[in-house]
Amino acid sequence: MPAPLIPADLLARTQIISGLRQLADYLQAHPGVPVNEYGWDLHAFATTDSDPAGRADVDEIASALGVQARDDTADGGHYTASKAFGRITYEFIHVTARRRAAHQALMSYAGAITTDDGTPAVGDSPEAA
């Protein structure tokens, strides 16, 4: 009998958690491998385009984490929930429609500005394609 199918999102979650454990075990077993002494941030993003739904997603994750959501949207920032686990911080982020539009406007210039030698000054270089 074949094994039951695992939904893609659950499979990805399982693989990420497994990878984090493997990394921790590896780093513990190899003390000569450097780590960032200030820690790391693990970011996850709301996947909705709706600001109210994105904020609701962040509020739900904030509740699960036992923290208050942080609203930096008035200053062009994001709506977030974060919790530190030692020097590792988990942060769930909603990027507002206003912020996404500002980013898209900025990136519309990508490739239009070049240095004196013809290299793109913004965005991916032709070599990256």
May I ask you to verify whether Y90 is of a type outside the set (A, V, I, L, M, F, W, C), in contact (Cβ under 8 Å) with a residue 12 or more places away in the chain and under 13 Å from R55 (Cβ atoms)? no
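Okay, residues lined up against (1) modelled with pLDDT of 95 or more; (2) surrounded by 11 or more Cβ atoms within 10 Å (Cβ to Cβ); (3) not in a helix (DSSP H, G or I):
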| position | (1), (2), (3) |
| --- | --- |
| M1 | no, no, yes |
| G32 | yes, no, yes |
| D59 | yes, yes, no |
| V67 | yes, yes, yes |
| E91 | yes, yes, yes |
So which of T48, T73, T80, T114 is more than 18 Å from the chain's Cα centre (by Cα) and either loosely packed, with under 11 Cβ neighbours inside 10 Å or without any contact (Cβ under 8 Å) to a residue 60 or more places away in the chain (or both)? T114
Filter result for the condition that a residue is surrounded by 14 or more Cβ atoms within 10 Å (Cβ to Cβ) and either part of a loop (DSSP other than H, G, I, E, B) or out of contact with any strand residue (DSSP E or B) (no Cβ under 7 Å at 6 or more places or on another chain) (or both), over R55, R99, R13: R99
Every listed condition ((1) modelled with pLDDT of 90 or more; (2) not in a helix (DSSP H, G or I); (3) not hydrophobic (A, V, I, L, M, F, W, C)) holds for D49 save (1)
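The values are calculated or read from the model by the stated rules, or taken from the named source; none is laboratory data. Computed from a prediction, not measured in an experiment: that's the story for all the values here. Here Cβ is always computed from backbone atoms with ideal geometry, including for glycine, and neighbour counts include all displayed protein chains.
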